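Undergrad: Encoded as structure tokens, here's the structure I'll be asking about.
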Amino acid sequence: MKLASSRSRLWPLNLVLIVPFLVEISLAVGLTGYLSLRNGQRTVQELATQLQEEVGQRIDEHLNNYLEICFQVNQINLEALRLGLIDLNDPDSLSLHFWQQLRTFPTLKYIYFADEDQGGFVGAGQTSTQWPNIEMTENYQAGDFLIYRTNDRGKKQELIRQDPDYDPRRRDWYKASLRRQRMNWSDIYSFFPRLDLGITASVPLYDENNNVLGAFGTDISLDGLHHFLSELKPLDIGESFILDEDGRLIASSHTRDIFEELEASSKQPQPTRSLLRQTDDPLLRASGEAFHHHQMASAHPHVPQHDFVYDGQRYFVYFHDVTNDMGLKWIVGVILPESAFAADIQRNTRITIGLCILALVIAVFASIWTSSWIKKQIIQLVDVSDAIAQGELDKSIPLTRWQELDRLGQSLGSMALQLKRFITDLQQTNNRLEEQVDELDEARNIAEIASHHKSVFLANMSHEIRTPMNGVLGMLSLLSEDQMLNVEQRSRVEVAQSSAQSLLFLINDILDFSKIEAGKLALEHLDFDLHRFFERFIPAIAFRAEKKHLKLTLNLKDLEPALVRGDEGRFQQILNNLVGNALKFTEQGEIYIQGELTHTEQNIVFHGLVRDTGIGIAPDKLNSLFDAFTQEDRSTTRKYGGTGLGLAITKQLCDLMGGEIHVKSEVGIGSEFFFHVNFQHPVSEVLQAEPSTHVKQSKIADLSSAKTKRFLLAEDNQVNQLVMRGLFKKRGLTIEIANNGQEALEQLQSSAIDNKPYDLIFMDCQMPVMDGYEATQLIRNGQAGEQYQAVPIIAITANAMKGDREKCLSSGMNDYISKPINPQELERVVKEWLCSE
């Protein structure tokens with residue numbers, strides 16, 4: 001075999017073999033050094049954590065012991081009352097008892113009792129004088145607050161202060177004690193004028209009938225915590241502090257200045273304690289910033305240990321939660337500098353660097369020797385590989401004594417064979433892919449045809465279902481207006497009407513869901529006024545709320561400017577579903593509706609809230625709440641009905657309108673639905689009506705003037721004919737019938753000859769012989785006579801799909817009523833087109 005060695009090489013083979021080997025060795029050595037360094041740092045961090053945990057535990061134990069005195073005193077007083085050692089009705093003996101307890105527990109600031117019945121107060125408090133003061137309300141009832149100086153036996157000597165209008169029952173500590181119904185801590189406050197921090201432990205008192213008698217209270221100063229933290233300073237170089245749950249300082253080993261500076265004009269009753277990251281002490285402030293950033297970025301903000309850099313030096317800060325069942329939620333922090341443990345890191349770093357250098361030297365010599373050993377055979381195999389890369393797949397492979405290189409040669413031979421097979425398979429695969437592309441094109445065409453058929457089916461199903469529903473609801477409406485019905489018969493009719501209406505709502509939900517699922521639901525983009533929208537929307541829901549004796553509250557004050565552009569009908573459908581559910585599942589309480597707008601350069605966003613006090617939703621059902629055909633459980637479906645499509649449709653509509661919907665709920669408390677949708681900016685600043693050549697607007701009157709008018713109905717369904725006749729008859733009107741569009745034209749032509757013209761035409765859209773669209777166009781073109789070219793024509797059809805209304809109006813009809821026919825909507829049309837002034 002000849003070696004193809006005529007071309008020049010850019011890199012010598014020795015270098016190709018040495019460099020990768022050196023890189024691998026360097027990475028291995030570097031990784032070893034890095035891990036060694038990290039292990040040293042971890043050791044330092046563990047030592048710091050261990051010391052910080054020990055300090056934190058000591059602070060925790062001291063806090064428990066320090067604050068436990070308050071609860072011990074309260075417990076002692078409860079036990080003394082139970083044993084009859086103190087009398088709540090004897091304020092003098094009770095004040096002496098508190099005075100003696102303060103002498104026993106000098107860390108306490110105040111001990112007192114507040115009476116629930118009369119608002120009386122009695123207690124004792126530490127002062128700057130030798131003996132505690134006695135404090136009580138005059139006549140042991142709410143009123144003047146009296147403070148007395150005492151002698152060494154606790155006897156009142158002189159009145160030193162009197163404050164009017166004092167009632168302990170209005171105090172926060174007293175109300176919190178009754179609210180929690182057990183021992184609890186108050187918020188931290190300041191004692192004037194020294195600004196020492198204090199906290200109150202209070203416990204409510206009940207008689208054998210569980211009636212409130214009053215509450216004991218014990219105040220303790222937190223000033224002693226500063227001294228304890230200063231003496232506990234870890235390693236004489238660390239710092240420690242205590243925070244409340246809001247991150248504000250309670251005590252610190254480094255500074256006693258824990259309050260924010262007050263401005264001269266400030267009217268705050270008490271100074272505000274500084275946040276850890278806003279204190280004047282730079283070290284505490286740096287630790288607070290590190291903790292704050294970690295809270296903002298981490299899903300677990302109370303990770304015990306963090307680190308930060310201050311003044312060029314790294315520090316560890318450890319946080320320890322101090323909590324109990326009485327409402328105490330504090331945080332203990334311990335700060336230690338890394339420099340206290342840096343010697344181990346530096347020693348390990350020097351050892352690691354030395355080992356790395358030694359390993360690299362050995363690797364260089366080993367790689368040079370190894371490369372020269374295998375150089376010759378590698379060059380031959382490289383030449384063969386180049387030949388195969390040039391397409392010489394039949395190139396022979398040189399023999400070698402070395403097992404690994406022999407395997408490499410065999411691999412090159414196998415690769416050449418695989419390349420031959422791959423080229424053949426690739427050509428076959430390409431042919432199959434071309435066939436699959438043709439099949440996919442055919443499948444896409446079939447899917448598009450199926451989607452079209454589905455749309456046609458939905459439209460036909462809507463028409464076929466609404467047509468008999470018009471007969472059912474129409475006949476029930478006529479029957480309900482019959483004055484001859486007794487109470488039981490009228491009740492049965494109302495049940496039938498309600499059931500039929502529920503069926504209609506179910507049909508609408510299923511059709512909407514089918515359109516959404518098929519991606520056929522398109523949104524309108526028309527200007528409308530939100531104020532006018534809610535003026536129409538509110539009366540309907542107010543009637544339903546009043547019927548169930550529910551309070552209805554609306555907050556729509558932030559809807560300015562109210563002119564937007566979007567799909568008003570789908571927006572109303574969202575509100576109907578949410579408010580309808582709130583009314584359905586709420587038996588007592590309140591329905592609260594809130595709406596507000598925010599404006600951006602691109603959109604106008606409506607933010608809505610619907611809150612109720614109904615049955616609520618279990619937490620494990622919230623994730624599936626917006627799934628189709630889903631309700632909380634079967635008992636809910638049995639009791640309240642429904643398909644579970646309403647919220648699924650609502651969510652899809654919110655998505656289509658560029659928004660979203662969320663829910664918060666608690667079983668037995670109620671539910672809150674939050675949603676927002678996007679509207680476009682209106683085309684014009686003022687909303688105006690868009691009248692067609694056949695549409696007029698005027699003030700609506702009653703039906704009395706319509707009794708002299710002539711009406712014509714073009715309808716092929718006999719049931720619908722009976723319904724319309726009955727509806728007109730109940731209102732003192734008569735209507736003549738044409739069975740299709742052709743008959744309607746003939747009757748119009750005949751009436752023109754007889755000089756008995758029709759004043760209003762109701763036109764069904766789908767009829768045999770001639771449908772309503774064609775008949776309307778012929779009427780507008782004068783085929784029924786010139787006098788009917790402008791006659792009002794009202795579409796009355798079972799079609800309720802998107803675009804049906806627009807198709808009716810574009811064909812020349814003036815207005816639109818969908819089946820099932822609403823009697824009120826029928827009256828509106830007659831009044832608007834014949835009885836207007």
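Undergrad: Consider Leu597 carefully, then state whether it is touching a helix residue (DSSP H, G or I) at 6+ places or on another chain (Cβ under 9 Å) and either more than 20 Å from Ile649 (Cβ to Cβ) or part of a strand (DSSP E or B) (or both).
TA: yes
Undergrad: Could you list all residues from region 193-210 that are free of Cβ contacts under 8 Å to residues at least 60 places away in the same chain and assigned to a loop (DSSP other than H, G, I, E, B)?
TA: Pro193, Arg194, Asp207, Glu208, Asn209, Asn210
Undergrad: Another question, then. One residue is enough: does region 179-191 have a residue meeting the conditions touching a helix residue (DSSP H, G or I) at 6+ places or on another chain (Cβ under 8 Å), at pLDDT 90 or above and either hydrophobic (A, V, I, L, M, F, W, C) or open to solvent by less than 20 Å² (accessible area, probe 1.4 Å) (or both)?
TA: no
Undergrad: Which condition number in (1) assigned to a helix (DSSP H, G or I); (2) out of contact with any Pro (no Cβ under 6 Å at 6 or more places or on another chain); (3) modelled with pLDDT of 80 or more is the one that Val55 fails?
TA: Going through (1) assigned to a helix (DSSP H, G or I); (2) out of contact with any Pro (no Cβ under 6 Å at 6 or more places or on another chain); (3) modelled with pLDDT of 80 or more one by one, Val55 breaks only (2).
Undergrad: Among the residues of region 813-821, are any of a type in the set (Gly, Ala, Ser) and in contact with a Phe, Trp or Tyr (Cβ under 6 Å, 6 or more places away or on another chain)?
TA: No; the residues of region 813-821 include none that is of a type in the set (Gly, Ala, Ser) and in contact with a Phe, Trp or Tyr (Cβ under 6 Å, 6 or more places away or on another chain).
Undergrad: Sticking with this structure for a sec: Quick one: which residue in Glu263, Glu289, Glu239 is in contact with a helix residue (DSSP H, G or I) (Cβ under 9 Å, 6 or more places away or on another chain) and at pLDDT below 80?
TA: Among Glu263, Glu289, Glu239, only Glu289 is in contact with a helix residue (DSSP H, G or I) (Cβ under 9 Å, 6 or more places away or on another chain) and at pLDDT below 80.
Undergrad: Looking at region 552-579, I want the residues that are within 15 Å of Leu521 (Cα to Cα) and at pLDDT below 90 and have a partner that is open to solvent by less than 30 Å² (accessible area, probe 1.4 Å) and among the aromatic types (Phe, Trp, Tyr) with Cβ atoms under 6 Å, at least 6 apart or on another chain. Which pairs are those?
TA: Filtered contacts from region 552-579: Glu568/Phe528.
Undergrad: Further question on the same structure: Among the numbered criteria (1) in contact with a Ser or Thr (Cβ under 8 Å, 6 or more places away or on another chain); (2) among the aromatic types (Phe, Trp, Tyr); (3) farther than 21 Å from Ser95 by Cα, which one does Phe228 miss?
TA: (1)
Undergrad: Kindly indicate whether Leu159 is farther than 25 Å from Asp92 by Cα, of a type in the set (A, V, I, L, M, F, W, C) and not in a helix (DSSP H, G or I).
TA: Criteria not met by Leu159.
Undergrad: Residues that are at pLDDT below 75 and assigned by the TED database to the domain that holds Thr776: which strands (runs of 3 or more DSSP E) entirely in region 604-707 hold 3 or more of them?
TA: Output list is empty.
Undergrad: Do any strands (runs of 3 or more DSSP E) lying entirely in region 741-831 carry at least 2 residues that are at pLDDT below 90 and not basic (Lys, Arg), and which ones are they?
TA: 793-797, 815-818
Undergrad: Further, regarding this structure: Can you name the condition, by its number, that Ser177 falls short on among (1) of a type outside the set (Val, Ile, Thr); (2) touching a Ser or Thr at 6+ places or on another chain (Cβ under 7 Å); (3) farther than 28 Å from Thr272 by Cβ; (4) not in a loop (DSSP other than H, G, I, E, B)?
TA: Condition not satisfied by Ser177: (3).
Undergrad: For region 745-766, enumerate the residues that are charged (D, E, K, R), open to solvent by 10 Å² or more (accessible area, probe 1.4 Å) and more than 21 Å from Leu703 (Cα to Cα).
TA: Within region 745-766, Glu746, Asp754 meet the criteria.
Undergrad: What pairs come up if the first residue lies in region 40-61 and is open to solvent by less than 30 Å² (accessible area, probe 1.4 Å), the second is part of a helix (DSSP H, G or I) and modelled with pLDDT of 75 or more, and their beta carbons are under 8 Å apart, counting only those six or more places apart or on different chains?
TA: Correct list of pairs: Val44/Glu338; Ala48/Glu338; Ile59/Phe228; Ile59/Leu229.
Undergrad: Moving on. Could you figure out which of (1) exposed (fewer than 13 other Cβ atoms within 10 Å of the Cβ); (2) at pLDDT 75 or above; (3) not in a helix (DSSP H, G or I) isn't true of Asp482?
TA: It fails just one condition, (2).
Undergrad: Still on this structure, please answer the following. Residues in region 77-95 that are open to solvent by 80 Å² or more (accessible area, probe 1.4 Å) and among the hydrophobic types (A, V, I, L, M, F, W, C): how many?
TA: Residues flagged as open to solvent by 80 Å² or more (accessible area, probe 1.4 Å) and among the hydrophobic types (A, V, I, L, M, F, W, C) within region 77-95 amount to 2.
The values are calculated or read from the model by the stated rules, or taken from the named source; none is laboratory data. Values in this document were obtained by computation on a predicted structure and should not be read as measured data. Every residue, glycine as well, gets a Cβ built from its backbone with ideal geometry; the counts of neighbours run over all protein chains shown. Remember, those area values only see protein heavy atoms, side chains included, never the ligands or the DNA or RNA. Shrake-Rupley method; radii C 1.70, N 1.55, O 1.52, S 1.80 Å.
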